Amino acid sequence: MRVQMLSSVLRASARPSLVATAARTTFVVRQSSSHAQESFESFSERYVNFFQNAEDLFEVQRGLNNCFAHDLVPSASVVEAAVRAARRVNDYATAVRVFEGIKEKVENKAQYQAYVDELRPLREELGLELKEELYTS
């Protein structure tokens, strides 16, 4: 027990200070934010192309993580390409989670409902039910 406590104390003292770590993180963020701004149209086109060419589940999920990390809600064309990619690699759960991600990104329920309504033909074509529809059936 004492050996574990001692090793914990030694490891804690060997760590860099939190302030120094925060300063390095701030520098990295500032450095990466100097890139040119991308238009919404080029963003949408880039991710539609990405999802159309995704060949496996890892690639689809990586694309979704990168796409949803931006401070915007992806267009319906991006969502459609992502859902089609998820179904192409045979992952129903990821296809449903794309809609859950949209639900979290939008500002209100009306915006989410607009996405659901616009993508209803796609969902019917692929046999995709949303999480809230699964609980009411």
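The values are calculated or read from the model by the stated rules, or taken from the named source; none is laboratory data. From a predicted model like this one, the values you see are computed outputs, not experimental measurements. To get the accessible areas, we keep the full protein, side chains included, count just its heavy atoms, and leave off ligands, DNA and RNA. Shrake-Rupley method; radii C 1.70, N 1.55, O 1.52, S 1.80 Å.
What relative contact order, as a whole-number percentage, does the stretch 40-134 give when Cα pairs under 8 Å and 6 or more residues apart are counted? Provide the component values of the computation, followed by the final result.
On the way: 74 pairs, mean separation 25.0, N = 95.
Relative contact order, the stretch 40-134: 26 percent.
What's the extension gain from Glu132 to Ser77 if we count 0.36 nm per residue and subtract their Cα-Cα distance?
Using 0.36 nm per residue and subtracting the Cα-Cα distance, I get 17.6 nm.
Take the solvent-accessible surface of the protein heavy atoms, probe 1.4 Å, and return the percent of it on the stretch 40-134 that carbon and sulfur atoms account for.
On the way: 2570 of 5430 Å².
The C+S portion of the solvent-accessible surface of the stretch 40-134 is 47 percent.
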